[in-house]
Amino acid sequence: MNASLSGHLQDGGHHLVQRVYYEDTDFSGFVYHARYLHFFERGRTDYIRLLGVSQGTLHTQTDLVDSVAFVVRRMEIDFKSPARMDDVLTIITRPGEIRGARMMLDQTILRGDDVLAIAAVTVAVVNGFGRARRLPDALLARFGGGADN
């Protein structure tokens, strides 16, 4: 694993640097609003990867009841300022509350010190049948959750 590709853990969260490419923009030259979902997804995925969790392994368990997948249940995005082609963005992902079969994550996209977008994300934990399941204790520990969560 190349840490530079996956960002780095910092200040209790995760920082990932991404460049805006032509494919991310619309006819105006600004990042198309739906592309922010991609940037946020990359941030969440690499955060989980750097915690030592292989999502591929989790949801390919032989027993579908024991498999684990993370699915976005809810996402609220506040767009503050547009990004443009060639901008270098930092996607910050911070863990929030973990309770039962859900995790809350706070995400921010920055260009330098300028906040471009903020997302509050609720991630559901499901098994191979798509049914809610508790986050296993071993994974809960990786996310920094304790017995009180």
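A short reminder: the numbers here are calculations on the coordinates, not readings from a lab. Here the structure is a predicted model, which means the values were calculated and not measured. A quick note on method: Cβ atoms are made from the backbone with ideal geometry, for glycine too, and the neighbour counts reach across all protein chains shown.
The residues on offer are S4, S81, S54, S28, and the sole one that is in contact (Cβ under 8 Å) with a residue 24 or more places away in the chain and either of a type in the set (S, T, N, Q) or within 27 Å of R111 (Cα to Cα) (or both) is S81. Scanning the range 31-44 for residues that are buried (at least 17 other Cβ atoms within 10 Å of the Cβ) and assigned to a strand (DSSP E or B) turns up at least one hit. Inclusion of E76 among residues that are under 23 Å from L140 (Cβ atoms), in contact (Cβ under 8 Å) with a residue 40 or more places away in the chain and assigned to a strand (DSSP E or B) is not warranted. Just checking, does the range 12-21 include any residue being among the hydrophobic types (A, V, I, L, M, F, W, C) and free of Cβ contacts under 8 Å to residues at least 60 places away in the same chain? The answer is no; no qualifying residue exists. Sub-9 Å Cβ pairs linking a first residue in the range 115-132 that is touching a residue at least 60 places away in the same chain (Cβ under 8 Å) and in a strand (DSSP E or B) to a second residue that is surrounded by 21 or more Cβ atoms within 10 Å (Cβ to Cβ) and of a type in the set (K, R), at least 6 apart or interchain, are V121/R44; V123/R44, ordered by first then second residue. Do you know which residues across the range 32-57 are in contact with a strand residue (DSSP E or B) (Cβ under 7 Å, 6 or more places away or on another chain) and either under 15 Å from V17 (Cβ atoms) or basic (K, R) (or both)? Across the range 32-57, the qualifying residues are F39, F40, R42, G43, R44, D46, Y47, L50. Applying the criterion of being under 20 Å from the mean Cα position of the chain (by Cα) and more than 19 Å from G7 (Cβ to Cβ) to the residues of the range 83-99, the residue that is surrounded by the most Cβ atoms within 10 Å (Cβ to Cβ) is I98.
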